[in-house]
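Take a look at the structure set out below.
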Amino acid sequence: MSTPPTRTNPDRSCRPAAKDWFVINVNKSRHFTLAVIIAAAASITTFTSMRGLAMSNNGLGRLQADEIAAEALARRDVPVAAHEGNHWDFLCRLESAARLAHSNTEAKDLFLAKAFEWASDERNLRCAWDRLDAGGGHAPGVDGLTFADVPRQFVWEVLRDQRDRLRAGNYQPAPVLERRIPKGPDQFRTLELPTVVDRTIGKAVLQTIQPFLNPGFDPNSFGSRPGRDRRHALARAEAIAASGNRWVLIVQDVKDAFPSVPRGRLQDILRRKLPEDLVQLIMQLADNNKTRGIPQGQPLGPLLLNVYLDHFLDQPWRRLHPSIPIIRVPGANLQRRRNIIGGTECNLTSTQWPSTRRSFVATS
């Protein structure tokens, strides 16, 4: 049988090698049956079990699974900043600590005390650099520098220099470069592109705080969250419609979401959740040389938009309209065949939300 694809650097993660594959051992005999669950639309379709697939211990069997589990258990006892393993192992420990901090008070105190130090660690910066270098975001910023322009043998030196600048309080992001891209017929969207160094620092901060903040967002929020996309939102809308006999779905667009975020209000929200030194760094990275808005080309941008919308849209909606579900998705509107009515726009400061419909979808 075919085995799950192996994740290789630079997109390595401490999670399973490929998020769409899960292999479960359901028999401890010499030749055991495997149930292979493939999440095609990420857990929104009916899982298909493939039985009768025999596999010896020479393959991905119980022995390997036990070894992986032992390594994972050992890693839990290693301090995040310990110089053990490579930079990807450091990121695994960092993400684990951030997730644990969401639900454990003692772990939260430690995470908040160390978050800036871990975010600025050169190993975290290197993971961010490698992911961005491999992710296709090669457009240069105002300095004209791309990832390919930095020889690989000098990357560590560049990142250690940025670590020292960050920790000494001497870091200053460069201005963002504006670039217009087509959005539709006679419509354009302005991307604000940081330099590759500023992008890397933003990605490193994202890797630090997203596992901590993400679990606290509304379960019906599907905007730019790991493991969630519009397919999940559509499945959620289908489930709500089927379980509650909700035959009307209103679609409303949060107009110009990124350019409209008031950074002062965003900073107030962040101060309730994160330490001040990290908040100050985030606000430096979120500066787009304008009075409001956050750069769409900054890796931190989607998370910051989620932080803002969760506070000013998702949470108030749940309190004011507990019987009317809201599903928030990024980009294009959901299409649920004949059940779409409307298609209006609002802005981030609007308080005139529909209150008489059966279910509601907001797109940003």
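The values are calculated or read from the model by the stated rules, or taken from the named source; none is laboratory data. These numbers were taken from a predicted model, which means no experiment stands behind them. Reconstructed Cβ throughout: ideal geometry from the backbone, glycine too, with neighbour counts over all protein chains shown. Only protein heavy atoms, including side chains, enter the accessible area calculation; ligands, DNA and RNA are left aside. Shrake-Rupley method; radii C 1.70, N 1.55, O 1.52, S 1.80 Å.
Residues in segment 162-199 that are of a type in the set (A, V, I, L, M) and closer than 22 Å to Pro259 by Cα: Ala174, Val176, Leu177, Ile181, Leu191, Leu193, Val196. Considering only residues that are over 15 Å from Pro275 (Cβ atoms), part of a helix (DSSP H, G or I) and free of Cβ contacts under 8 Å to residues at least 40 places away in the same chain, look in segment 94-123 and name the one that is least open to solvent (accessible area, probe 1.4 Å). Result: Arg123. The numbered conditions (1) over 21 Å from the mean Cα position of the chain (by Cα); (2) at pLDDT below 95; (3) small (Gly, Ala, Ser); (4) open to solvent by 50 Å² or more (accessible area, probe 1.4 Å) are all true for Ala72 except (4). Selection of helices (runs of 4 or more DSSP H) fully inside segment 273-322 by the criterion of at least 3 residues being at pLDDT 90 or above and open to solvent by 70 Å² or more (accessible area, probe 1.4 Å) returns 276-285. Quick check: anything in segment 246-263 modelled with pLDDT of 80 or more and touching a strand residue (DSSP E or B) at 6+ places or on another chain (Cβ under 6 Å)? Looking for residues that are modelled with pLDDT of 80 or more and touching a strand residue (DSSP E or B) at 6+ places or on another chain (Cβ under 6 Å), one finds none in segment 246-263, hence no. Inspect all residues belonging to segment 148-159 and state whether any of them is assigned to a helix (DSSP H, G or I) and in contact with a Gly (Cβ under 8 Å, 6 or more places away or on another chain). No - not one qualifying residue is present in segment 148-159.
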